[in-house]
Amino acid sequence: MQAAVLRVKLRYIDEFNEARRRLAHAYSEKLAAVEGIAPPFEAAYGTHVYHQYTIRVTEGRRDQLKDHLVARGIGTMIYYPIPVHELAVYSNMKVDLPVAEEAAREALSLPMGPVVDESVKEKVLAAISDVKWAN
């Protein structure tokens, strides 16, 4: 059943990917100027499809922004809250990976998808622009 549904959706994959890219570029354009937020990087030599739109929120403010957005009815996700090397399965390994640890503390994914409309995009951007950072 799922394969049948996905076979139909596959016909629209280029259209869906382009809709994601438009949304991502709109987010990135506005968020690039917001202090403490780093939008994702897209290299000129590739094409990102933005299955997720994950920003980095610096200075330990990721959870504050997440709470701020959720309070305004905006869903967010933290897909990888624990760096891989800190998972229990690797507890016997003693490695120091500070960049991975920092990324796990800072990453926050915003609403993304081919059907996210203009009103949702504007709601997300307005909510981020009106956040008052606690020190």
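The values are calculated or read from the model by the stated rules, or taken from the named source; none is laboratory data. All figures in this text were calculated on a predicted structure; none of them were measured in a lab. Here the Cβ positions follow ideal geometry from the backbone for every residue, glycine too, while neighbour counts run over all protein chains shown. Keep in mind that these areas ignore ligands, DNA and RNA; they rest on the heavy atoms of the full protein, side chains included. Shrake-Rupley method; radii C 1.70, N 1.55, O 1.52, S 1.80 Å.
Listing for the model above:
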{"quantity": "Pair residue 10, residue 99: separation of 7 Å Cα→Cβ label points (nm)", "calculated": "3.6"}
{"quantity": "Rg over Rh [alpha-carbon atoms, Kirkwood Rh] for region 7-47", "calculated": "1.12"}
{"quantity": "Förster radius 35 Å - calculated FRET efficiency between residue 130 and residue 42, Cβ distance, rounded to 0.05", "calculated": "0.85"}
{"quantity": "Å² per residue, accessible surface of region 48-135 at 1.4 Å", "calculated": "62"}
{"quantity": "Derived scalar couplings ³J(HN,Hα) [region 15-27; Karplus, 6.51 cos²θ - 1.76 cosθ + 1.60; whole Hz; x for Gly, Pro]", "calculated": "5, 5, 5, 5, 5, 4, 4, 4, 5, 4, 5, 5, 4"}
{"quantity": "Over the chain: helical MRE at 222 nm, DSSP H runs n ≥ 4 each giving -39500 (n - 2.57), nearest 500", "calculated": "-13500 deg cm²/dmol"}
{"quantity": "Within the accessible area of region 1-93 (1.4 Å probe), percent carbon and sulfur", "calculated": "57"}
{"quantity": "Under 15 Å from the Cα of residue 132 - aspartates and glutamates, other chains or at least 8 residues apart", "calculated": "35, 59, 63, 67"}
{"quantity": "Region 89-135 - charge dipole about Cα centre, Lys and Arg +1 at Cβ, Asp and Glu -1, debye rounded to 20", "calculated": "120"}
{"quantity": "Zero-based 5 Å bins, Cα pair distances in region 1-131, whole percents", "calculated": "2, 9, 17, 19, 17, 14, 11, 8, 3, 0"}
{"quantity": "Gain upon complete extension [residue 122, residue 18; 0.36 nm per residue less C-alpha separation]", "calculated": "35.6 nm"}
